[in-house]
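J.: What follows is a single structure, and I will ask about it in a moment.
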Amino acid sequence: MDQLISMLTHASGIAILPFLFLTAAFLLTLAQRRPSGGGQGAGNGRPILVADRAVSHRALVQQSAAFLERPTSAVVSAILSRNRHYNILSAPYGPYWRAARRNMAAGVLQPSRVRLLHGTRARALGVLVRDLGSGAPVRESLHFAVFRVLAEICFGEGAVSELGEARLRAMEKLQQDTLRALTSSSFITPSWFRRRRRQALRRQQEELFLPLVAEVRGRRRVAGDVAAPAATYVESLIDLRVHGDGDRAVTDGELVSLISEFLGAGAESTAVALEWTMANLVKHPNLQQKLRLEVDAVGEGVIEEPDLSRMPYLKAVVLESLRRHPPVPSVERDLGGGGEEAAGVLGVPCGTGATTTAVNFLLGELGRDPAMWPDPMAFDPERFMPGGEGEGVDLTCTRELRMMPFGAGRRMCPGLATGMLHMEYFVANLVRAFEWRQADGDEVDLAEFQGFLFTTMRRPLRARLVPRGGKTAAT
Ligand code: HEM
């Protein structure tokens, strides 16, 4: 036996036991692999891919009733909780989804409310400029800034300052670890190991979020009938009643999924989009200079929300970034019971004998349709200025669909206005605070990496930041 092991281990001078183990693990995992997550559908076959603007508009907007369900295999919380505790992204169309979505969109994310959060944005910007100025990596710094803003909207300013920066960063890390764990469904990790890892991550989320929820619940109970209207997302969720489902309250399990979605999907999408935008501004110094002239023309100090409406070129830069690099690569729908009708809308032979119930609308392809966007691969904000083909583009896609980085129809992103505001705010203030130059010998690489839900830069952005009128900070 010893001889056999020795032979296997040292044959031809190569250690083949590890090799055999890896091969076996590879084959085992291959056999277990099912489509899941970013870019895949929930059906038992490959998803139908749609890259046509007219078909997408017809399906998602005009015939939206047949395209209301999203496959839960693409939603983080549904995977972690094994479809037991839904959030807005994963909820089946019905009373709970309606209540939770309305609560978010017409509550804390109502544009008129978000606009007023000057202090929240200024605190996050202060930390961001401090970190970038001291050479912190761009990607991490951008993510923490957006995460901080959303955490204050979610828990309140008081709770976030009580938590302190270190615990807030630990919360951020947990959200990011979760996404990473789903991205790396690598060939050599056995499925039971991945399952246990996901259960552990879900448990950690519960341990982190539920004590914070309990504190808020306790405070509101003490206040009784005279409790003030909900000021934070968590307060609004505690007060929420699901009409059409016995006026029940939101369960603790659902609360964890909803909070995780708010902090996770909300921060990652905006931060990824910000990194793409800054990368393009480093790559195109002439565009950065044009933007800086506009930024400087609005006055001194921090650019605030009212200034943004006077900055058309800033908006054009952000829109061009979302067209060229939509952070969410595809919008997914599960045809479920509506298969026949939906197949008719899509003009595909689905239903009878079809092996799939999933459709993916490809956002990157839609925004790069040469019939709509001449020279589609070029980064050219002028498209969105007067006379350009993107002038007056409607991101809700209600009237027409030219690009749809926030999705479309009844399940389109309820964070559209918030995401746009945060992008414009941070881009304007970062161009005001620093000159963004190429890092020495390190050309910006716009290659993409397809993660579980998001398309990020394959190589994180590195840049040489020159404080305006001050010293250089390499990141
Ligand atoms: C630049 C920023 C953002 C981008 C590009 C983005 C993109 C998207 C996309 C493409 C979808 C799928 C829509 C569909 O299926 O039709 C979506 C859904 C969603 N997004 Fe966003 N998003 C952003 C910011 C946010 C923010 C800030 C929040 C909340 C804090 C948020 C919360 C959600 C939720 C809850 C859904 C599910 C909606 C539903 O199923 O009814 N997003 N987002």
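J.: Could you tell me whether region 346-362 includes any residue that is closer than 16 Å to R324 by Cα and either of a type in the set (D, E, K, R) or modelled with pLDDT of 85 or more (or both)?
T.: The answer is yes; a qualifying residue exists.
J.: Just a yes or no: is a residue in region 173-189 farther than 26 Å from R458 by Cβ and part of a helix (DSSP H, G or I)?
T.: no
J.: Can we say R148 is within 16 Å of the ligand (Cβ to nearest atom), assigned to a helix (DSSP H, G or I) and open to solvent by 30 Å² or more (accessible area, probe 1.4 Å)?
T.: Judged against the criteria, R148 is a match.
J.: Also, I was wondering about something else. Of all the helices (runs of 4 or more DSSP H) wholly in region 72-140, which have at least 2 residues that are at pLDDT 95 or above, away from the ligand (no atom under 11 Å from the Cβ) and buried (at least 16 other Cβ atoms within 10 Å of the Cβ)?
T.: By residue number, 95-103, 118-133.
J.: Out of V138, V149, report the one residue that is within 19 Å of the chain's Cα centre (by Cα) and closer than 24 Å to P414 by Cα.
T.: After ruling out the rest, the residue left standing is V149.
J.: Working only within region 48-60, note down all residues that are in contact with a helix residue (DSSP H, G or I) (Cβ under 9 Å, 6 or more places away or on another chain) and open to solvent by 40 Å² or more (accessible area, probe 1.4 Å).
T.: Matches in region 48-60: L49, A51, D52, R53, R58.
J.: Checking the conditions here, which among L240, L291, L258 is open to solvent by less than 10 Å² (accessible area, probe 1.4 Å) and either charged (D, E, K, R) or more than 25 Å from G367 (Cα to Cα) (or both)?
T.: L258
J.: When region 263-312 is examined, which residues are found to be of a type outside the set (A, V, I, L, M, F, W, C), over 28 Å from V108 (Cα atoms) and either away from the ligand (no atom under 16 Å from the Cβ) or not in a helix (DSSP H, G or I) (or both)?
T.: Answer for region 263-312, where residues must be of a type outside the set (A, V, I, L, M, F, W, C), over 28 Å from V108 (Cα atoms) and either away from the ligand (no atom under 16 Å from the Cβ) or not in a helix (DSSP H, G or I) (or both): K283, H284, P285, N286, Q288, Q289, K290, R292, E294, D296, G299, E300.
Residues are listed down the side, and each one gets a yes or a no for (1) at pLDDT below 95; (2) within 24 Å of the chain's Cα centre (by Cα):
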residue: A279; (1), (2): no, yes
residue: E294; (1), (2): no, no
residue: D307; (1), (2): no, no
residue: L314; (1), (2): no, yes
residue: V318; (1), (2): no, yes
residue: R323; (1), (2): no, yes
residue: D334; (1), (2): yes, yes
residue: G337; (1), (2): yes, no
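J.: Any idea how many residues of region 159-217 are closer than 25 Å to D239 by Cα and open to solvent by 40 Å² or more (accessible area, probe 1.4 Å)?
T.: 12
The values are calculated or read from the model by the stated rules, or taken from the named source; none is laboratory data. These numbers come from a predicted model, not from an experiment. Note: ideal-geometry Cβ built from the backbone for every residue, glycine included; neighbour counts use all protein chains shown. Surface areas here come from the heavy atoms of the whole protein model, side chains and all, with no ligands, DNA or RNA. Shrake-Rupley method; radii C 1.70, N 1.55, O 1.52, S 1.80 Å.
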